[in-house]
Amino acid sequence: MKPLFSILLLIGGLAVSALPAEAEPPRRIVSLGPVITEMIYLLGAEDSLIADTVYCNVPEAAREKTKIGNIIQVDVEKIISLAPDIVLANPLDSAKQLDTLRKMGIRVVQFDNPATFDKICAMMDELGRLLGREDQARAVIAEAKAAVDTVVSRTRRLPPRKVFIQIGMNPLHTSPEGTFIHEYITFSGGINVAAHEKSGNYSREKVLETNPDVILISGMGTDTAGAEQEKRTWLNYSSLNAARTGEVHVIDSEILCSPTPVSFADALAYVAALIHPPHPGELP
């Protein structure tokens, strides 16, 4: 997942229109976003997916689909030549290019990036209706919600711990309330030290002032080296609770910033185990 896309995943809502009840589900689908592609596979509609972007790599089979560009610029002529029934777009796609597709008589539905777990589930639900796979969507959502409830039930009685999640390094960025990144903390029985910030911009001084018990770092895209350097930097602050206990962790952005109902539930379980590590002999 690339940096710009990862950051924009932290904001947004949902805007999509479903097919009329009498319409046939689309059989030739082009996806212009990694999250959309992943949801199509979760719905079991991958046989209808005829093309996606170069960033669509989850699941592995998505890499083998015909590629029509990235998440910002696409090959309009190539999409037209594929004769899709529908193009599923993301907020970063060029409005001009999408208008060109519409003028050619191709149906285009554009999703916003879902900001919270509820909106992630709402996007899955709408996509299920759009593709004629309502039952599959409901099953995916129900299973994910059950997994989330399990984590919430396990952590709600544990002592709350202060947590700082760092998204990117330069500038230092985090996630306030109203985002699914924030929910990883609160659903895990934690306190987001940056919850009430007006934006995601943050400073090292504020982190030192709030003195979190746990620091989680997500390198943007493939910048694992930068994330590891940030970990070493935080561990050098001996006044930090997280540094004294060694609870500064690097998390792959693919785990933290890929919002489908399933990946959110998986990431939540992972984060919860870092915020409230199990005692020896205790299951996470």
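The values are calculated or read from the model by the stated rules, or taken from the named source; none is laboratory data. This is a predicted model, so every value here is computed, not measured. Every residue, glycine as well, gets a Cβ built from its backbone with ideal geometry; the counts of neighbours run over all protein chains shown. In case anyone asks, the SASA skips ligands and DNA or RNA and just uses the protein heavy atoms, side chains included. Shrake-Rupley method; radii C 1.70, N 1.55, O 1.52, S 1.80 Å.
Given Cα pairs under 8 Å that are at least 6 residues apart, what percent is the relative contact order of the range 180-242? Intermediate results must be reported in sequence, preceding the final value.
Details: 30 pairs, mean separation 19.8, N = 63.
It rounds to 31 percent for the range 180-242.
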Next item on the list: Working with all protein chains in place, sort D47, D149 by solvent-accessible area computed with a 1.4 Å probe, largest first.
Entry: D47, D149
Checklist line | Whichever aspartates and glutamates have a C-alpha closer than 19 Å to that of K67, once near sequence neighbours (fewer than 8 apart) are set aside | finding: E38, E46, D47, D52, D75, E77, D85, D93
Margin query: For the range 110-208, what does the relative contact order come out to in percent, with C-alpha contacts under 8 Å and a separation of six or more?
Written below: 25
Next item on the list: Specify the longest stretch of the chain that does not include any exposed loop site, a site being one of the GluC sites (Glu not before Pro) with a non-H, G, I, E, B DSSP assignment and at most 15 other Cβ atoms within 10 Å.
Entry: 23-176
Checklist line | Relative contact order (%) - criterion: Cα under 8 Å, at least six apart; region: the chain | finding: 19
Notebook entry, point to check: With a ≥ b ≥ c the root eigenvalues of the C-alpha gyration tensor of the range 174-262, is it rounded (a/c under 1.5), prolate (a/b larger than b/c) or oblate?
Noted result: oblate
Check: Given +1 on the Cβ of Lys and Arg, -1 on the Cβ of Asp and Glu, and no further charges, what dipole in debye does the chain carry about its Cα centre, rounded to the nearest 20?
Finding: 440
Notebook entry, point to check: Accessible area of I50, 1.4 Å probe, to the nearest 10 Å²?
Noted result: 30
